[in-house]
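Beneath this line is the structure, given in structure tokens, with notes to follow.
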Amino acid sequence: MSTMFGSETGPVDYLCCDIFVQANMGSSINEWQAVADPGVLQAWVAKLFAFFFERTEGFVWNREPPRLFANLANKVPRVSGQMIHGDAVDDEWLVVWLLREATMEFPELVISVRDADGEFLLAEAAMHIPRWLTPENSQNRA
């Protein structure tokens, strides 16, 4: 069929997240430090995978389930996640809910989520955020 209708050239609908693990729980916000140990991050990958699986067992994902991995390539090591959801925006919102639940279960986590449109949670909350907050100055604020 791809020869008859051409290949898929449209944008890919995806979701990415970065999950930072606080190393020094209980410290002030000014002393916040992320876990950098690869073994600890890999343990968090397993813990979060189990947490997600427990809540989505039997769920049929549209394209693929979220994938988690220890991301040591950036300046601040983290657990990262990726998922291609295609037209199934419900899959994207399910992952957002899972991430929110993870932060409630594990208060040492700080999570950033984005998709093909960027910081989509800011767009969804647009009517409830201060007027001075813009896409240009929102990095690390929400």
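The values are calculated or read from the model by the stated rules, or taken from the named source; none is laboratory data. Computed from a predicted structure; not experimentally measured. Positions of Cβ are backbone-derived with ideal geometry, glycine not excepted, and every protein chain shown enters the neighbour counts. To get the accessible areas, we keep the full protein, side chains included, count just its heavy atoms, and leave off ligands, DNA and RNA. Shrake-Rupley method; radii C 1.70, N 1.55, O 1.52, S 1.80 Å.
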Hey, if we sort Phe53, Phe69, Phe20, Phe120 by accessible area with the 1.4 Å probe, largest down, what's the order?
Phe53, Phe69, Phe20, Phe120
With the crude spin-label approximation of a point 7 Å out along Cα→Cβ, what separation in nm comes out for Val12 versus Phe51?
2.6
The set of residues whose placed amide H lies less than 5 Å from the amide H of Asn71, leaving out same-chain residues fewer than 5 positions away, is Arg78, Val79, Ser80
Answer with one residue from Asn74, Val96, Leu41: the one whose Cα lies farthest towards the positive end of the charge dipole of the stretch 30-142, charges on Cβ with Lys, Arg +1 and Asp, Glu -1.
Asn74
Rounded to the nearest 10 Å², the 1.4 Å probe accessible area of Arg67 is 120
